[in-house]
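> Following this message is one structure expressed as structure tokens.
The values are calculated or read from the model by the stated rules, or taken from the named source; none is laboratory data. Computed from a predicted model, the values in this text were never measured in an experiment. Every residue, glycine among them, receives a Cβ derived from its backbone with ideal geometry; neighbour counts consider all protein chains shown. Surface accessibility is based on the protein's heavy atoms, side chains included, excluding ligands, DNA and RNA. Shrake-Rupley method; radii C 1.70, N 1.55, O 1.52, S 1.80 Å.
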Number of protein chains: 2
Amino acid sequence: MNIVDYLSTIPLFEGLPREQLEALSRITVTVALNKGQIIFSEGDEGKGFYVVLKGRIKIYKLSPDGKEQTLHIFGKGEPFGEVPVFAGKHFPANAEALEKSKVLFFPRDALIKLIEKNPSLALNMLAILARRLREFTVKIEHLSLKEVPSRLAAYILYLSDREDGSSQVKLDITKGQLASLLGTIPETLSRIFAKMSKQGLIEVLGPNIKILSRSALEELVEYGGWL
Amino acid sequence: MNIVDYLSTIPLFEGLPREQLEALSRITVTVALNKGQIIFSEGDEGKGFYVVLKGRIKIYKLSPDGKEQTLHIFGKGEPFGEVPVFAGKHFPANAEALEKSKVLFFPRDALIKLIEKNPSLALNMLAILARRLREFTVKIEHLSLKEVPSRLAAYILYLSDREDGSSQVKLDITKGQLASLLGTIPETLSRIFAKMSKQGLIEVLGPNIKILSRSALEELVEYGGWL
């Protein structure tokens, strides 16, 4: 498969018009790596990002006492190092080939020049990422709808118990933090709050929650499932 | 709150340097909407995207017989219409204000000019979306790890039963389709396959799966939980 055809299969570039894929292919450099070879180290300037062509790449951090913590292992078609490179920052971790591998390198400078000449390339890449984010949001929502309402009900009852069973409680963390705590995302949490309100379980006003049906919340904790 | 401060709180622009937020704020137009007012209709040229300032916006499609299907309801801080606009396409659905609302409009032409002059704005927005995608991938993985392995085990056993209990089965759909079927994403499915292989439950070679421990797969279906 030539590089242009290969680029078209990578999610980050999926659906880009042929001429933009060709322009991209002209700035890429193929890098062959041996097992154990270091690609970049923490603190290195982010001069470009990578996409795995073959093999597996480990991203890891080293603690001050030399203990290694693996953050990700990336395989074929997956980009890595793109967040710090897009943001113009240093690499926050190390990258090493776990086996004989091949990666495509996209130099940042060349990418910036390409976007200068062809801003619609950037818009198209933004479209691709935005569409994937939408899809992921829906997936998280589907995955969350079974467990998160029950965890949220438990949390509301916990707040109430802490206030001696008061039916009026106040969130002491932001909704973003609460979403994280419950294992979901703010968008989905908002919809669960809305649904619980609509069904008459609670009333939400900013950070203040009024418990309208304690028994329904208790049932939700006990039996789980959706409302 | 002025527009620049407001823009800095929107996930799409989070962490952009002040001067880029200011440049963005200069191209935005604030639009006040009455309840029921149409913002765009299916098939309209995507001349720009929107971010909700106040109120709620419904995105919906109309079937040929006039039946309405709501796709999304967006609230404060959420962008809408950005995927078709980034991609330079027509709007695939309709948008209507559900109540008295205010939205920020980002004209596509002005955005392209801004990126031409300042390509790092596009890179920064790409960084923001790429980082969110990473976070969402991790969330989906966490949410999936409890249920998806058990569903995958059930699917492998189903394939085997269809072949009269053969211990050698072949996936008849792509791994992307399988991920969708099991309610997860390809990245997470790959990791679950890798973990099942490492634990000696199955051996995977392309689309071919060899069942090494039928009883372990059955246990996974029965009791769920992680391996």
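> Leaving out ligands, DNA and RNA, calculate the buried accessible area for the pair A and B with a 1.4 Å probe, summed over both sides, in Å² to the nearest 100.
Using a 1.4 Å probe, the pair buries roughly 4200 Å².
> Then there's this: Considering only protein heavy atoms, with the full assembly of protein chains and a 1.4 angstrom probe, order A:F105, B:F49 by accessible area, largest first.
Sorted by accessible area, descending: A:F105, B:F49.
> Would you please give the FRET efficiency between B:Q168 and A:D164, computed as 1/(1 + (r/R0)^6) with r the Cβ-Cβ distance and R0 = 60 Å, to the nearest 0.05?
Between B:Q168 and A:D164 the formula returns 0.45.
> A further question on this structure: What angle, in degrees between 0 and 90 and rounded to the nearest 10, separates the Cα long axis of helix A:18-27 from the longest principal axis of the Cα atoms of chain A?
70
> While we're on this one: Suppose only helical runs count, i.e. DSSP H with n ≥ 4. What mean residue ellipticity at 222 nm does that imply for chain B under -39500 (n - 2.57) per run, divided by all residues and rounded to the nearest 500 deg cm²/dmol?
Dividing the helical sum by the residues of chain B leaves -14000 deg cm²/dmol.
> Shape of segment B:144-223 from its Cα gyration tensor (a ≥ b ≥ c, root eigenvalues): rounded if a/c is under 1.5, otherwise prolate when a/b > b/c, or oblate?
rounded
> Considering the dipole of chain B built from charges on the beta carbon (Lys and Arg +1, Asp and Glu -1) around the Cα centre, which of B:A179, B:F105, B:I211 is farthest to its positive end?
Value computed over the given set: B:F105.
> List the lysines whose Cα sits under 19 Å from the Cα of A:K113, skipping any in the same chain fewer than 8 residues away.
A:K47, A:K89, B:K113, B:K117
> Still on this structure, I have one more. With a 1.4 Å probe and every protein chain kept in, tell me what percent of the accessible surface of segment A:78-202 is carbon plus sulfur.
For segment A:78-202, the apolar C and S fraction of the accessible surface comes to 52 percent.
> A follow-up question, please. Nm distances between the label at B:E163 and the same-position labels in the remaining copies, 7 Å along Cα→Cβ, shortest first?
Nearest to farthest, the other copies are at 5.9 nm.
> Note the full-extension length gain between B:Y60 and B:A216 as 0.36 nm times their separation in residues minus their Cα-Cα distance, in nm to one decimal.
51.6 nm
> Would you pull out the residues with amide H under 5 Å of B:H72's amide H, same chain only if 5 or more places away, H placed 1.01 Å from N?
Close amide H contacts, sequence-distant or interchain: B:I59.
> Straight-line reach from B:K195: which aspartates and glutamates have a Cα under 19 Å away, not including same-chain ones fewer than 8 places off?
Counting by Cα, and skipping residues close in sequence, B:K195 has these aspartates and glutamates nearby: A:E78, A:E99, B:E141, B:E147, B:E187, B:E203, B:E218, B:E219, B:E222.
> Could you give, in nm with one decimal, how far B:E99 is from each other copy of that position, shortest first, with labels 7 Å out from Cα toward Cβ?
Listed shortest first, these distances are 5.6 nm.
> List the lysines whose Cα lies under 18 Å from the Cα of B:K100, skipping any in the same chain that are fewer than 8 positions away.
B:K35, B:K54, B:K58, B:K76
> Could I ask something else about it? Say R0 is 41 Å: what FRET efficiency, to the nearest 0.05, do A:N2 and A:L71 get from their beta-carbon distance?
Computed FRET efficiency for A:N2 and A:L71: 0.80.
> For A:L181 and A:R134, calculate 0.36 nm times their separation in residues minus their Cα-Cα distance, and state this gained length in nm to one decimal.
Gain on stretching A:L181 to A:R134: 14.8 nm.
> Distances from B:E42 to the same position in the other copies: list them in nm, one decimal, shortest first, using label points 7 Å from Cα along Cα→Cβ.
5.2
> Would you kindly state how much longer the chain becomes between B:I38 and B:Q199 on full extension, computed as 0.36 nm times their sequence separation minus their alpha carbon distance, in nm to one decimal?
That pair, B:I38 and B:Q199, stretches by 52.4 nm at full extension.
> A further question follows. In debye, nearest 20: dipole of the protein assembly as shown around its Cα centre with unit charges on the Cβ of K, R (+) and D, E (-)?
Roughly 640 debye for the protein assembly as shown.
> Please list, in order along segment B:60-71, the HN-Hα scalar couplings obtained from phi with the Karplus expression 6.51 cos²θ - 1.76 cosθ + 1.60 (θ = phi - 60°), rounded to whole Hz, x for Gly and Pro.
Going residue by residue, I get 8, 10, 10, 6, x, 8, x, 6, 9, 10, 6, 9 Hz, with x marking Gly and Pro.
> Then there's this: Just to make sure I understand: if all protein chains stay in place, what is the order of A:S144, B:S167 by accessible area at 1.4 Å, largest first?
If we order A:S144, B:S167 from most to least accessible, we get B:S167, A:S144.
> Ordering A:M196, B:M1 by accessible area with a probe of 1.4 Å, largest first, what comes out?
B:M1, A:M196
> Which one of A:F91, A:I57, A:N118 is farthest out on the positive end of the charge dipole of segment A:3-130, using unit charges on Cβ (Lys, Arg +1; Asp, Glu -1) and the Cα centre as origin?
So the residue furthest toward the plus end is A:I57.
> Further, regarding this structure: Return one whole number: the accessible area per residue of chain B in Å², for a 1.4 Å probe.
About 49 Å² of surface per residue is accessible.
> B:Y223 versus A:H142, label points 7 Å from Cα toward the beta carbon: distance in nm?
The two pseudo-label positions are separated by 2.9 nm.
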